[in-house]
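Asks: Sharing a structure with you now.
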Amino acid sequence: MKKGKVLRELLRQEGIITAPGVTTPLFAKVAEERGFKVLFVTGAGLANMNFGLPDYGLVTMSENLELVKRINDNTDLPLIVDIDDGYGNPMNVYRTLREFSRLDLGAVILEDQKAPKRCGHFEDHVVIPIPDMVNKIKAAREGSLDPDLVLFARTDANAVNGIEDALERGKAYAEAGADVIFIEAPRTVEQMARIPKEMPVPTLINLVEGGKTPMLKNSELEKLGFKVVLYANAPLKACIKGMQNLLDYLLENGTTDGCDGELMIPSPERHELTHKQFYMDLQRRYK
């Protein structure tokens, strides 16, 4: 079944969808192996992991597309893909959707920030007027070659104009054709509670450790009415911390002996994740 159809079915079912952020094909394999049903391809994470850059809209459409394709090719799960502001005006959005929708991804997230965009938990955001974002959503719908692709619309207006404007935008974006609304960085539980109640379509919440949104448990988020929760860069940050611990051990002890299974996964598990046996069998078959 196409990934968009799978995701649409999950959105109709009971229960909140937890989507961890992935930034490489191997991360996607690990998350799928651990039992998650949907993955989030985080724009911030792609910039951090693959370019060593912060989340300031510095990755181009074609660079993002190539990375997303690699990730998508390595998992059977639906992806929710961050496409920032669509990389320009509605005409650019149209072309962006033509390119991304060919891949059978699952979903994309389009946001209403003015370029250069930035992480929703940074400062100094600027948002475009509502009619401009409505036109981008319409261009995204028209440009998509995949009728099952789920369109998430994100607004960062809460950081700029407050929650009332953010809620107004969410309603306008849903009316324009967005399937799911993502109001970024609500500051209080009271703000969080209003979002699912006042939106006419399912809603997404993004939890960032040390960010601006209260870190409620998934069960609490589900009670509030949220349908999707992102943990966009928790896996990336955990990966960096794990690497730091391993390298500190190596500096202190002059060896990695004894780290297998403690500070690193055993080699057989790594080979299983990368399907080494399949390619060994392939090699024998074609010898």
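Asks: So which of ALA107, ALA139, ALA159, ALA174 is farther than 19 Å from LEU58 by Cα, open to solvent by less than 10 Å² (accessible area, probe 1.4 Å) and either in a strand (DSSP E or B) or not hydroxyl-bearing (Ser, Thr, Tyr) (or both)?
Replies: ALA107
Asks: Mind counting the residues in the stretch 272-287 that are part of a loop (DSSP other than H, G, I, E, B) and either under 30 Å from ALA19 (Cα atoms) or of a type in the set (D, E, K, R) (or both)?
Replies: Total satisfying the criteria: 3.
Asks: Just checking, how many residues over the stretch 24-64 are among the small types (Gly, Ala, Ser) and open to solvent by 20 Å² or more (accessible area, probe 1.4 Å)?
Replies: So the count comes out to 4.
Asks: Consider PRO214 carefully, then state whether it is open to solvent by 40 Å² or more (accessible area, probe 1.4 Å), free of Cβ contacts under 8 Å to residues at least 60 places away in the same chain and either under 26 Å from GLU168 (Cβ atoms) or assigned to a loop (DSSP other than H, G, I, E, B) (or both).
Replies: No, not satisfied.
Asks: ALA238: assigned to a helix (DSSP H, G or I) and over 27 Å from ALA28 (Cα atoms), yes or no?
Replies: When the stated conditions are applied, ALA238 does not pass them.
Asks: Right, something else. Take the residues of the stretch 255-271 that are acidic (Asp, Glu) and either at pLDDT 95 or above or not in a helix (DSSP H, G or I) (or both): which is farthest from the chain's Cα centre (by Cα)?
Replies: Restricting attention to the stretch 255-271, the residues satisfying the condition of being acidic (Asp, Glu) are 257, 260, 262, 269.
Filter again for either at pLDDT 95 or above or not in a helix (DSSP H, G or I) (or both), leaving 257, 260, 262.
Working: ASP257: 36, ASP260: 31, GLU262: 29 Å.
Across the stretch 255-271, the extreme among qualifying residues is ASP257.
Asks: Given the conditions (1) basic (Lys, Arg); (2) outside any loop (DSSP other than H, G, I, E, B); (3) out of contact with any Ser or Thr (no Cβ under 6 Å at 6 or more places or on another chain); (4) farther than 22 Å from ARG98 by Cα, which single one is not true for ARG154?
Replies: (4)
Asks: Test of understanding: among ALA166, ALA174, which residue is aliphatic (A, V, I, L, M) and within 24 Å of GLU209 (Cα to Cα)? Before the answer, list the steps.
Replies: Working: ALA174 fails: within 24 Å of GLU209 (Cα to Cα).
Within the list ALA166, ALA174, the selection yields ALA166.
Asks: Given the criteria open to solvent by 40 Å² or more (accessible area, probe 1.4 Å), part of a helix (DSSP H, G or I) and over 23 Å from LYS2 (Cα atoms), does GLU209 qualify? Before the answer, list the steps.
Replies: On the way: open to solvent by 40 Å² or more (accessible area, probe 1.4 Å): yes; part of a helix (DSSP H, G or I): no; over 23 Å from LYS2 (Cα atoms): yes.
Considered against the rule, which asks whether it is open to solvent by 40 Å² or more (accessible area, probe 1.4 Å), part of a helix (DSSP H, G or I) and over 23 Å from LYS2 (Cα atoms), GLU209 comes out as no.
Asks: Output the qualifying pairs, or none if there are none: Cβ atoms under 7 angstrom, residues six or more apart or on different chains, first residue in the stretch 228-250 and β-branched (Val, Ile, Thr), second residue in a helix (DSSP H, G or I) and modelled with pLDDT of 95 or more.
Replies: VAL229/ASN218; VAL229/LEU221
The values are calculated or read from the model by the stated rules, or taken from the named source; none is laboratory data. None of these values were measured; they are calculated from a predicted model. Positions of Cβ are generated from backbone atoms using ideal geometry, with glycine treated the same way; all protein chains shown enter the neighbour counts. In case anyone asks, the SASA skips ligands and DNA or RNA and just uses the protein heavy atoms, side chains included. Shrake-Rupley method; radii C 1.70, N 1.55, O 1.52, S 1.80 Å.
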